[in-house]
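A short worksheet on the structure shown next.
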Amino acid sequence: MFGKIAEAKQKAEEIKSKLSLITVEGKAQGISIVANGNKKIISIDIPADMLKPECKTQVEEALHTAIENALDQADNIAKSEMKSLMGSLLPGGLGSLLG
């Protein structure tokens, strides 16, 4: 039983490492946000013509949309990886602990 828990913990750490290498990009109105699979923002690119005071609201809205888009993609990737992990543990391993 403890072996399966240790195995699950190790696989979760492996997935976290793998997710740190995966990048996703969210875009809105020319703004680009790059995040990794662990939902950490890596970079933000804002076109120079949007850095004018009169564009403040537009930039804020675009940033919000682009960040949400990137983090949603990262979340989907993380969920997929965790589902894969659970599938590999359940068939004869962790499933017997739960039932």
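Throughout, read-outs are computed from the coordinates displayed, never taken from laboratory work. Because the structure is a prediction, the values reported are computed rather than measured. Methodologically, a virtual Cβ is constructed for each residue, glycine included, from the backbone with ideal geometry; neighbour enumeration extends over all protein chains shown.
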Exercise. Taking strands (runs of 3 or more DSSP E) that fall entirely within region 1-63, which contain at least 2 residues that are within 21 Å of S84 (Cα to Cα)?
Worked result: 23-28
Exercise. Considering only region 23-41, how many residues are surrounded by 14 or more Cβ atoms within 10 Å (Cβ to Cβ) and either basic (K, R) or in contact with a strand residue (DSSP E or B) (Cβ under 6 Å, 6 or more places away or on another chain) (or both)?
Worked result: 12
